[in-house]
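In what follows, a single structure is set out as structure tokens and then discussed.
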Amino acid sequence: MSKPPPASAPAAAPPSSALAPLRTPVFRMLWLAWLTANITMWMNEVTSAWLMTSLTDSVVMVALVQAASTLPVFLLGLPSGALADIVDRRRYFAFTQLWVAAIAAVLATLSLAELLTAPLLLALTFANGIGMAMRWPVFAAIVPDIVPRHELSSALALNGIAMNISRIIGPIVAGALIAGAGSHVVFIINAALSLLAFVLILRWKAPARASALPGERFFGAMRVGVQHVAQSPRMRIVLLRACVFFLQSSALLALLPLLARELGAGAGGFTALLAAMGVGAILTALFLPRLRRSIRSDTFILWGSCIHALAAAAVALSPVLAAALPACALAGAAWVLTANALAVAAQTALPNWVRARGMSIYQMALMGGSATGAALWGYVASHGTLAVAILTASALGPLFTWFSRGLRVGGGGDEDMTPAPAARSVGEPVIDIRPDEGPVMVTIEYRIDPAQAAAFNAVMQQTRRARLRQGALSWGLFRDTTLPGRYIEYFLDENWVEHLRRLERFTAADIGLRAQRLAFHLGPEPPRVRRYVAETMKTGSP
């Protein structure tokens, strides 16, 4: 018997235009909420960064403003992603905006009363970052559910456009308000805009989840999320790429307020530099669908990293603001090229049931790289110069990307993550089983041609990763010592309800993998499947 062919990839739909997802009313409404949320984020970050320069002369404290805003995503990303996968996503998304509004109100009150200190500002920036840590995974999980698959790249590019429009509007508005009315007014407007986003989110009527099973437990959901990503080779590469790129790119953004001050540009110059980044990113995002037709994701990442490095170096060495502005625009263009390629790769590698958890882990890698980079490059700048810190970051990122170019996020085509629940291969249990009873052991007996053992083993390696990604506690494959070609596969589920839940988590790619396994099996009958539930052993005196 010849080796079975791999599962066929889903048919590709024609690439969409950059603005096509906005024709979907639900996406348009949630995109406006996302835009509003990001405007408040940038207004808060710009105001906090500039306010910190007036509260302290410490270079490290100024750089730590960005670290404080991104570190919560690294620390709380996974718990937030688990919640987004097991609770009502609409209500959870709305709550995140109430949180941000409350923090903005506290900042406005303390700023108005002139009670803000550098440590207190840093703590409240961290608290505001918790809101971003909560809202990002849930929004990332929602998007693939409300746009067609072939429009996903365009939808993510539009999210990047929202981020960069906010990068323009937020700093401009914040800079004008800081100069004309004071920091407290920025925080008051932030609170109002966050409440507006809250109202927009509540207008969305999310579809009910089709499952008769009880919701996952919080800590179990986190375990399964980590396990799924750990068993996905493609996700591991995406995480590594994201961490390295944002470690590199954080140097320019974290030290930009100080670069603006060195150029003698003041708050207006800092705002202009951020706006230039946003303009470069927006113009590039509009051409992304056309670029993705002929350029692979890995090429985007390699060239995006190199172009960003050159642009950041140009900003660091610019003698005047006029020279730094076009370099900032180029840095923004390179940033959106790389970030979009990484986000699309992560989204298409994750099925819906674990998407918020997977994207939260992706965001942890992204923000972990950003937070570490902000602190690291701030430390380097405090012991050297701003130019030395940015040039060092600009050199290390592309070098690592080049030497690890064999690690590809694209692979040989996206797996089809369309839900395709598996039919039970054995009958209903004839004994009473409680939902929390377990663990549950499943055994599957295969009879194959011994000459095909090596090919069968390769497919079972993929099967192992698939079972563990679905939440199985352990997996093993044994061969019979008395009958060549007879194999027993076993795996454990945590309890009965998790066993049933795993059957709901099958995707079209899993069905294709099952077809590959069955192609090796000999005989008219399918492989024999048995399920066992652990017996509780009573202890006592003999």
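Estimated from helices alone, the mean residue ellipticity of the chain at 222 nm is -23500 deg cm²/dmol (sum of -39500 (n - 2.57) over DSSP H runs with n ≥ 4, per residue). Net charge dipole, the chain: roughly 1040 debye, given to the nearest 20, about the Cα centre with Cβ charges of +1 for Lys and Arg and -1 for Asp and Glu.
Taking Cα atoms only, the orientation of helix 25-55 departs from the longest principal axis of the chain by about 50 degrees. Each residue, Glu535 and Arg236, gets one label point 7 Å from its Cα in the Cβ direction; the gap between the two is 3.9 nm. What FRET efficiency would be calculated for the residue pair Ala395, Arg434, taking the C-beta separation as r and a Förster radius of 56 Å, to the nearest 0.05? E between Ala395 and Arg434, to the nearest 0.05, is 0.40. Ranked for footprinting exposure by Cβ neighbours inside 10 Å, fewest first, Thr481, Thr56 give Thr481, Thr56. Looking at segment 258-351, the chymotrypsin sites (Phe, Trp or Tyr not before Pro) that sit in a DSSP loop and have at most 14 other Cβ atoms within 10 Å of their own Cβ are Phe287. Take 140-146, 263-269, 197-203 and order them by the average number of nearby Cβ atoms within 10 Å per residue, most first; the result is 140-146, 197-203, 263-269. Overall shape: oblate for segment 234-297, with the ratio a/c of the largest to smallest alpha carbon gyration tensor axis at 1.5 or above and b/c at least equal to a/b. This ranking places His150, His308 by how few other beta-carbon atoms lie within 10 Å of each, fewest first, which gives His150, His308. A run of the chain free of exposed loop cleavage sites, with GluC sites (Glu not before Pro) counted only in DSSP states other than H, G, I, E and B and at most 10 other beta carbons within 10 Å, reaches its longest extent at 115-534.
Stretching the chain fully between Leu98 and Arg296 yields a gain of 67.3 nm (0.36 nm per residue, less the alpha carbon separation).
Return one number: the angle in degrees, 0 to 90 and rounded to the nearest 10, between the long axis of the Cα atoms of helix 59-86 and the longest principal axis of the Cα atoms of the chain. It works out to around 30 degrees.
Relative to the longest principal axis of the Cα atoms of the chain, the long axis of helix 453-469 makes an angle of roughly 50 degrees.
The relative contact order of the chain, computed from alpha carbon pairs under 8 Å that lie at least 6 residues apart in sequence, is 21 percent. Between Arg149 and Asn457, the distance separating the two model label sites (each 7 Å from Cα on the Cα→Cβ line) works out to 3.3 nm. Short-range pairs are left out: with C-alpha atoms under 8 Å and at least six residues apart, the relative contact order of segment 440-533 is 47 percent. The distance between label points at Thr385 and Leu407 comes to 3.3 nm (points 7 Å beyond Cα on the Cα→Cβ vector).
In the chain, a dipole from Cβ-located charges (positive for Lys and Arg, negative for Asp and Glu) runs towards its positive end, and of Val409, Gly160, Gly129 it is Val409 whose Cα lies farthest in that direction.
Among Asp493, Asp88, Asp416, a tally of other beta-carbon atoms within 10 Å of each Cβ gives an order, fewest to most, of Asp88, Asp416, Asp493. Taking every alpha-carbon pair under 8 Å whose residues sit at least 6 apart, segment 328-422 reaches a relative contact order of 41 percent.
Here, each number is a calculation from the coordinates, and none is a lab measurement. All values derive from a computational prediction rather than experimental measurement. Heads up, the Cβs are rebuilt from the backbone with ideal geometry, glycines too, and the neighbour counts pull from every protein chain shown.
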